[in-house]
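> What follows is a structure written as structure tokens; I'll ask about it next.
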Amino acid sequence: MTKDTTEIEIHLLLEALYRKYGYDFRQYSEAHIRRRLMNRLALCGLQTISEMQSRVLHDREFAAVLLQDLSITVTEMFRDAEFYRAIRQSVVPILKTYSFVKIWHAGCSTGQEAYSMAILLQEEGLYERTTMYATDFNQRALDQAREGIYANEQMKEYTANYQRSGGREAFSDYYTSNYNMAIMEASLKKNIVWAHHNLVTDSVFAEVHMIMCRNVLIYFNSDLQSKVQHLFRDSLTHGGILCLGSKESLRFSGLAEEYIELDKVQKIFKKKYPGGE
Amino acid sequence: MIYRAIVIGASAGGLHAIKTIVSALPSGFRLPIAIVQHLSPLTDNYWISMVDKLSAIAVKEADEKEKLEAGTVYIAPANYHLLVERDETLSLSIDPKVNYARPAIDTLFESAADVFRQQLVGVVLTGSNSDGALGLRRIKECGGLAVVQEPGTAEAGYMPEAAIAATQVDYILPLEKIASLFISIHQQTL
């Protein structure tokens, strides 16, 4: 069977991007990569993906643009309000038994979910003893996350999400409005460590009590999902909590047996202790 | 032509339209069907189980990496795009909205057209925006079959009209005739 030409071109382009710059999208789901590359092709005035490949190799700025195209930067505060409700109910009581809490938020993008978790932990009286490592491979997104400045117009949606998630305070207390920008409160930032980490190519980041990685794995093929799930398993303490996106699962990892399901719908898991529970 | 899959897009009025078509398909119907119905991101998947109960073939919410199986209807979850991969599995994504919609019909149609080429049937049903028009055009460009619900019989005619304006449509049918078309297409594959 002859392969589709575009498919071959995409493989070669991803190979070029990896060999030249070290960013590895070769095991991402192809339909999503193809969609983003075709969008860029329509915008950049080139005729074929092969021409884009040549440009990627010779033009560092173009490569940087493509890298932004391929990374997942869609996020919002308190996305899936029910998830945060479940965290308050099922996970906070567990975290409260620890004298200090280490959380790894993998694939934090522009930081909205990290700030959401910081707000929740502050309200639950846990934030002062928490260190949150928020990581991403996209340096530009990470810089934005560290700044914690968002468009004011998004705050309406975030406020509605926050209220649905069981938030108890006035959401406007968590940011300062300045013209059309909302600046997140410094008190939310102080225990967040923003760091560059690539789930595809880097290894264990730290030993933590909780990992949050939501709506990242859906972009990976099953082999890569399994590899990253092993990385998470190796990073969690016994009894540690794993939070996935609502459509994600452990099924490609072969690790389901090593976890207890704390919330089936919200995809919250607890790593078993060596003896079982 | 032997068709291997059907994709359907619907918006306003779509729940009734989808129920009408899917519940009219017989248990031996083997073409996989993937559906995008625009819904509020807060909608749960209760309505999917209702359609499943009324239907002879299996109806379920699409899981990521799930293989398209014969005689099964896959519905995009609220707030996720649904795409078809080259190995005929399904992918979900939280990419930005397309045509103000997530899931978007164009996203499903375009990815399915890349995989099934001329062996794909695309169907645009009732709705009041133009999502699906470009996707249906792409299906036609790849040699697939384009079907649109007759705008006058749709609860909202705008979406079928936009699809008809965008491409050379093969069939414009009232809702109740669409399942019969599927059945005759299916018989050609046997």
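> Filtering region A:194-223 down to residues that are of a type in the set (A, V, I, L, M) and outside any strand (DSSP E or B), which residue is nearest to the other protein chains (Cβ to nearest Cβ)?
It comes out as A:Ile218.
Yes/no matrix, rows are residues, columns are (1) modelled with pLDDT of 95 or more; (2) closer than 18 Å to B:Val84 by Cα:
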site	(1), (2)
B:Val121	yes, yes
B:Gly135	yes, yes
B:Glu150	yes, no
B:Tyr158	yes, no
B:Ala163	yes, no
B:Asp170	yes, no
B:Phe182	yes, no
B:Gln188	no, no
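> Determine which member of the set A:Arg35, A:Arg40 is within 21 Å of the chain's Cα centre (by Cα) and closer than 24 Å to B:Val115 by Cα.
Numbers: A:Arg40 fails: within 21 Å of the chain's Cα centre (by Cα).
Among A:Arg35, A:Arg40, only A:Arg35 is within 21 Å of the chain's Cα centre (by Cα) and closer than 24 Å to B:Val115 by Cα.
> Report yes if A:Leu262 is closer than 17 Å to A:Ser90 by Cβ, over 19 Å from the mean Cα position of the chain (by Cα), at pLDDT 95 or above and among the hydrophobic types (A, V, I, L, M, F, W, C), otherwise no.
yes
> Can A:Arg146 be described as assigned to a helix (DSSP H, G or I), touching a residue at least 40 places away in the same chain (Cβ under 8 Å) and of a type in the set (Lys, Arg)?
Criteria met by A:Arg146.
> Which residues, taken from region A:171-201, are modelled with pLDDT of 95 or more, exposed (fewer than 11 other Cβ atoms within 10 Å of the Cβ) and not acidic (Asp, Glu)?
A:Ala186, A:Lys190
> Also: Test A:Arg34 against the criterion of being within 12 Å of chain B (Cβ to nearest Cβ) and free of Cβ contacts under 8 Å to residues at least 60 places away in the same chain, and give yes or no.
Considered against the rule, which asks whether it is within 12 Å of chain B (Cβ to nearest Cβ) and free of Cβ contacts under 8 Å to residues at least 60 places away in the same chain, A:Arg34 comes out as yes.
> Hey, among the residues in region B:75-114 that are aliphatic (A, V, I, L, M), surrounded by fewer than 23 Cβ atoms within 10 Å (Cβ to Cβ) and more than 8 Å from chain A (Cβ to nearest Cβ), which one's nearest to B:Cys142 (Cα to Cα)?
Only one residue fits best here, namely B:Val98.
> Any residue at all in region A:82-96 that is in the same structural domain as A:Asn215 (by TED's automatic domain parsing), in a loop (DSSP other than H, G, I, E, B) and either of a type outside the set (A, V, I, L, M) or over 23 Å from A:His196 (Cα atoms) (or both)?
yes
> Moving to a separate point now. Residues in region B:115-126 that are farther than 22 Å from B:Ala58 by Cα and either at the interface with chain A (Cβ under 10 Å from one of its Cβ atoms) or of a type outside the set (S, T, N, Q) (or both): how many?
Within region B:115-126, residues that are farther than 22 Å from B:Ala58 by Cα and either at the interface with chain A (Cβ under 10 Å from one of its Cβ atoms) or of a type outside the set (S, T, N, Q) (or both) number 2.
> Right, another one. If you go through region A:102-143 one residue at a time, how many are outside any helix (DSSP H, G or I), among the polar types (S, T, N, Q) and under 30 Å from A:Ala64 (Cα atoms)? I'd like the intermediate steps shown before the answer.
Of region A:102-143, the ones outside any helix (DSSP H, G or I) are A:102-111, A:124-126, A:130-138.
Checking the rest, the ones that are also among the polar types (S, T, N, Q) come to A:109-110, A:130-131, A:135, A:138.
Imposing the further condition that a residue be under 30 Å from A:Ala64 (Cα atoms) reduces the set to A:109-110, A:135, A:138.
Matching residues across region A:102-143 total 4.
> Another question, then. Does A:Ser99 count as within 14 Å of chain B (Cβ to nearest Cβ), outside any helix (DSSP H, G or I), without any contact (Cβ under 8 Å) to a residue 60 or more places away in the chain and under 30 Å from A:Asn191 (Cα atoms)?
Taking the combined requirement at face value, the residue does not satisfy it.
> Of the numbered conditions (1) surrounded by fewer than 16 Cβ atoms within 10 Å (Cβ to Cβ); (2) part of a loop (DSSP other than H, G, I, E, B), B:Met50 fails exactly one; give the number of that condition.
Of everything listed in (1) surrounded by fewer than 16 Cβ atoms within 10 Å (Cβ to Cβ); (2) part of a loop (DSSP other than H, G, I, E, B), B:Met50 misses just condition (2).
> Select from region A:13-24 the residues that are surrounded by 13 or more Cβ atoms within 10 Å (Cβ to Cβ) and either in the same structural domain as A:Leu224 (by TED's automatic domain parsing) or without any contact (Cβ under 8 Å) to a residue 60 or more places away in the chain (or both) and list them in ascending order. Don't jump to the end; show me each part of the working.
Keep residues of region A:13-24 that are surrounded by 13 or more Cβ atoms within 10 Å (Cβ to Cβ), which gives A:13-18, A:20-21, A:23-24.
Correct list: A:Leu13, A:Leu14, A:Glu15, A:Ala16, A:Leu17, A:Tyr18, A:Lys20, A:Tyr21.
The values are calculated or read from the model by the stated rules, or taken from the named source; none is laboratory data. The shown structure was predicted, so the numbers you read here are calculated from the model rather than taken from an experiment. Note that each Cβ is placed from the backbone with ideal geometry, even for glycine, and that neighbours are counted across all protein chains shown.
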